[in-house]
Amino acid sequence: MTDTKTHYARLISDNSVTLDYPYGECRMSCLIRKSAKYGTDVMLRISSGQFHGNAYDEDNYVCIRFDSSRSINYLFDESHDGSPEWIFLKNAQDFIRRAKRARTIKIEVPIYQEGRRLFRFTSDKPLEWL
């Protein structure tokens, strides 16, 4: 009901991983949202399965490599509505700055009862806003 605009950028993983029953094939998408209401967020979503990790057992991070640079750990928060297929990266501005220059991004994430799985993203041109 407002006239404010929300801007998005999205990448979908080149690869998929196979998770145990009942999940099957799983892809990951990376969505960046910039809005007046929520600010700027980097959200990761898996098409099946559940992210797993919490601050108590120090497993609430994803490991990301931009092009051939060294890997970086980014802490994450779970979604506020409890959706296990979404996580929100902390330090979104750093991720966006690096993603804008990268042609390949590798993201390793913790998935419930599956351990850490790797998803690859490639683009002919760096990240662009939709």
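What to note about this one:
- Total residues in the range 85-102 satisfying the condition of being open to solvent by 50 Å² or more (accessible area, probe 1.4 Å) and either among the hydroxyl-bearing types (Ser, Thr, Tyr) or more than 11 Å from the chain's Cα centre (by Cα) (or both): the figure is 6.
- One residue stands out in the range 11-30 among those that are assigned to a strand (DSSP E or B) and exposed (fewer than 15 other Cβ atoms within 10 Å of the Cβ): the one that is nearest to the chain's Cα centre (by Cα), namely ILE12.
- Scanning the range 103-125 turns up no residue that is touching a strand residue (DSSP E or B) at 6+ places or on another chain (Cβ under 8 Å) and loosely packed, with under 12 Cβ neighbours inside 10 Å.
- Scanning the range 92-110 for residues that are in contact with a Phe, Trp or Tyr (Cβ under 7 Å, 6 or more places away or on another chain), modelled with pLDDT of 95 or more and either aliphatic (A, V, I, L, M) or part of a loop (DSSP other than H, G, I, E, B) (or both) turns up ILE105, ILE107, VAL109.
- Within the range 50-67, considering residues that are on the phi > 0 side of the Ramachandran plot and open to solvent by 10 Å² or more (accessible area, probe 1.4 Å), the one modelled with the highest pLDDT: ASP67
- Just so you know, in the range 34-47 the residues that are of a type outside the set (Val, Ile, Thr) and at pLDDT 95 or above include one that is surrounded by the fewest Cβ atoms within 10 Å (Cβ to Cβ), and it is ASP41.
The values are calculated or read from the model by the stated rules, or taken from the named source; none is laboratory data. Predicted model only: the values in this text are computed from it and were never measured. Virtual Cβ from ideal backbone geometry, glycine too; neighbours counted across all protein chains shown. We work out accessible area using only protein heavy atoms, side chains counted, and drop any ligands, DNA or RNA first. Shrake-Rupley method; radii C 1.70, N 1.55, O 1.52, S 1.80 Å.
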